[in-house]
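For reference, the structure discussed in these notes is given below.
Any read-out appearing in this document is the output of simple, stated calculations on the displayed coordinates, not a laboratory observation. Worth saying up front: this structure is predicted, and the values here are computed from it rather than measured. Note: ideal-geometry Cβ built from the backbone for every residue, glycine included; neighbour counts use all protein chains shown.
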Amino acid sequence: MWSSIFIENSYEIFFLYKWILIGVLLRILVMPFFAHPDIVWINAGPSQLSNRIWNIYSHHGDGQNIHLFKYPPLTYFILGINYFAFKPFLHNIEYFDNLKDFNTFNDWMINPGIFQSLFFLKLIFLFADAAIGFLLYFTFKENYNTTIKYWALSPLALYSVFMYGQFDILPAAFIIGAIFLFRKERFEYCFLLLGIGGMMKHFPFLTLPVFLLCVPCGFGKKIVLSAISIFPYIFLSLPFLNSRSFIEDVFINSSGYLTSMRYFLAGYIAIIFINFITTFFFKVDRFYCLIKFSYLILSYYLICSEFHPQFIIWIAPLIYVLINESNRKYYYLFIIAYFIYINNWGRNSTWILLNPLDSELTLMPSINAVIEKFANYELIIKSAKYIINILLVVFLFSKIKISKTIKKKYA
Amino acid sequence: MLDKKIFLLFFFFLLNCIPIKHPIFSEREKEYFVYKNSELIQDVELDLNLNLKGKVHKVKGIIIVLTLKENTNIAYKIEKGGNTLIESLYLAEPAGFSRKYQAVKIMFKKDVFLDSDIKLFLKPDKDLFIWYGGEADVKNRVTVDGVPVEGKIYLDFIKSIQAKDKLREIYSKITENFKFNIFYLIIIILIISGIRFFSKQNGK
């Protein structure tokens, strides 16, 4: 399976390396200079792993009423190890060591050492994104020419991952890894990767029913595969279940996003039902089905929600796959609509990213505040959201070049 | 074949192209001073030369820091000796679906505050919240230079911002970390060399 990555020495592979490096260069150029203050909070909790705090939820949440970290335990350990590995290169680490003084986070942001710290703290995102580039190439080889270019030049990734500084790219990389392994018919590893993605942030689990329906094997094997995906999450959560903050911050906090979304839940069930019908009553390629319905589920979540800017990276890798000659213009329109839509968060999604360069720049009036003087910005943002919704649907109907491979049924 | 079947979903989607609000969290409400849609008056005193950590800045204006319910609009008026100097409306910006409150800053130019004998009137159209939360809680905490602004209307000062000076400040901040800059440049040069190398190989 891996041999093609290392041995292949042809036009295609040089083409791949060239575009991977172009993508990496663009990302490195923005990494040190922009960040949302959230990057402090994302790393503040996991930094305590260096102080040998194994249960951040009871240590911070229960013990000190600090609720900085609201993600599952694996995220804590991965970001904690990342922080530990790059700790020698970070500036002013006393800030993280003594989090009781966390209100001074802006002092940490405006220190000249911030560029170095942002570079090293975001390196893990760069590895994950580069992995997505490689995996997309090897998964969708029939369409490698355009896919890798759109990955490299993606303003969505540049903004939401490398400027905004959110970690959603990590679970997104695990989803793409799972799709890659599905195509290679390594289903056990595929479901394991999907589960690991879900252990970092819950959204990959939304696609679990699609993976289960599309995997070409019997009911008994599907049960085993779902266990492979879910058990690691349960196993890793067990030591934290007696922490009230773990339940509130991780489960109740994230389920809060879904409970009010009746439309999403109804639609989700309908999509799974259609997936079931399509898979079992029509002779459709299972892999093709997996791509389309995984994209459908994740984009439907975005359609039903006022999604945060970083959520776009959940489906961005699949969008690169779905763009072709006929719908390229819609992709550009999608990008424009996205960057209009994120103004819904005012300065929080625009000028505040300039905080590492100069904190006073964050005081500039938001684009909304300027627009509202001569137009109804709410209408503009709402229109942008509708355009995003419709274009997400348009991309769904894009044809993907896939040589049909997965039809046979495994025992 | 599959595309035709999935096409049915298109109409399903169109029916559901409605953004839906998420729940918001209200358990922190008790930690605010709440001014129930009433008028607030604050005396303002101003020193036009602001001394920050030994460096004197010329003041360009004033910022009022408040914590508001989402989409709260505030009418404000500034009086000097009974005469209205300025009267206007602040339209709050959206804070995002998961935030019930937002910290806002209303800015005034210094011309308004040439004398210290002035009164500031604020009248929000919804309840006005001013944060005084516990020390351990950071949600929507408003701080200035790391000091929490608790239970009072805070008047901050806008330093005179000139684009030329600002660019110079950013440049000097970026160039201050010499070792990292050298490392960063080497990385970029290596990547560009790699791109050139693979472009040549690719072209053969």
Neighbourhood net charge (11 Å Cβ-Cβ; Lys/Arg +1, Asp/Glu -1) for A:GLY23:
+2
Rg followed by Dmax, in Å, when chain A is reduced to its Cα trace
21.5, 65
Residue of A:GLY220, A:GLY133, A:GLY267 that the Gaussian network model of chain A assigns the largest fluctuation, springs spanning Cα pairs under 10 Å
A:GLY220
Relative to the longest principal Cα axis of chain A, at what angle does helix A:187-200 sit, 0 to 90 degrees, rounded to 10?
20
Please report Rg over Rh for the stretch A:292-390, where both radii come from the alpha carbon positions and Rh follows the Kirkwood definition.
1.02
Exposure rule at most 13 other beta-carbon atoms within 10 Å, DSSP loop trypsin sites (Lys or Arg not before Pro): chain A longest free segment:
A:53-282
Cα atoms only: what Rg and Dmax, in Å, come out for the stretch A:151-204?
12.4, 36
As a quick test, which of the pairs A:LYS141/A:LYS399; A:LYS201/A:LYS292; A:LYS141/A:LYS329; A:LYS222/A:LYS385; A:LYS184/A:LYS222; A:LYS141/A:LYS292 have an alpha carbon distance above 26 angstrom in this structure?
A:LYS222/A:LYS385
Once you have the Cα-Cα distance between A:SER359 and A:GLU12, take 0.36 nm times their residue separation minus that, and quote the gain in nm to one decimal.
120.4 nm
Helix-only CD estimate at 222 nm, as mean residue ellipticity for chain A, using -39500 (n - 2.57) per DSSP H run (n ≥ 4)
-18000 deg cm²/dmol
In degrees, nearest 10, range 0 to 90: what is the angle between the Cα axis of helix A:328-341 and the longest Cα principal axis of chain A?
30
Per its Cα gyration tensor (rounded if a/c is under 1.5, else prolate when a/b beats b/c, else oblate), the stretch A:123-254 is best filed as oblate
Which whole number gives the average, over all residues in A:208-217, of C-beta atoms from other chains lying within 10 Å of the residue C-beta?
0
In angstroms, what radius of gyration and Dmax does the stretch A:264-328 have, counting Cα atoms only?
13.2, 38
Taking 2.2 N^0.38 Å as the expected size of a compact globular protein, what ratio does the Cα radius of gyration of the stretch A:77-166 give against it, to two decimals?
1.37
Top of A:ILE179, A:ILE196, A:ILE28 by mean-square fluctuation, Gaussian network on chain A, Cα under 10 Å:
A:ILE28
For chain A, longest principal axis from Cα atoms; helix A:219-237 axis from its Cα atoms; angle between them, nearest 10 degrees, is 10
